[in-house]
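Heads up, the thing below is written out as structure tokens.
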């Protein structure tokens, strides 16, 4: 016999190993404040109703903001009209013997529109054409149908 005992193992005999779990058993009421509980159907229903209410409220706010913006735009246009007429713009009677007078009138209109920051082409045409009287007014009635009604067309027709 050799110096080996019990199946040829040397050294210390093996100990019986006990499996160790990575999980620590939870104790009721200790350290469980952040653990989420299962959500029940009533809570889900309440959450869905709250989200739907918030969505309706947001839509109502957007609708109101759009209506206010439309009123501001209309008010801005009205304000510009009022300021234009307060500036006492010249009228053009349209005497065919005085073409320089028409050029001066158009130049004054452009200056007033720039001064008042009126950039809307439709509004500039409306305001300028309102100042055309007599033969100039008749000319514009005829030219309007052919021009397309833009400010560029108005200036080109002049």
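Among residues of region 55-70 that are in contact (Cβ under 8 Å) with a residue 40 or more places away in the chain, none has a beta-carbon under 8 Å from a residue that is in a helix (DSSP H, G or I) and loosely packed, with under 10 Cβ neighbours inside 10 Å at least six positions away or on a different chain.
Could you please find all residues in region 102-124 being closer than 12 Å to residue 158 by Cα, at pLDDT 90 or above and surrounded by 14 or more Cβ atoms within 10 Å (Cβ to Cβ)? Correct list: 105, 106. Checking each residue in region 23-50 for being surrounded by 10 or more Cβ atoms within 10 Å (Cβ to Cβ) and either part of a helix (DSSP H, G or I) or modelled with pLDDT of 65 or more (or both) picks out 43, 44, 45, 46, 47, 48, 49, 50.
Can you find even one residue in region 87-100 that is in contact with a strand residue (DSSP E or B) (Cβ under 9 Å, 6 or more places away or on another chain) and modelled with pLDDT of 90 or more? So far as region 87-100 goes, yes, one or more of its residues are in contact with a strand residue (DSSP E or B) (Cβ under 9 Å, 6 or more places away or on another chain) and modelled with pLDDT of 90 or more.
The values are calculated or read from the model by the stated rules, or taken from the named source; none is laboratory data. All values derive from a computational prediction rather than experimental measurement. Note that each Cβ is placed from the backbone with ideal geometry, even for glycine, and that neighbours are counted across all protein chains shown.
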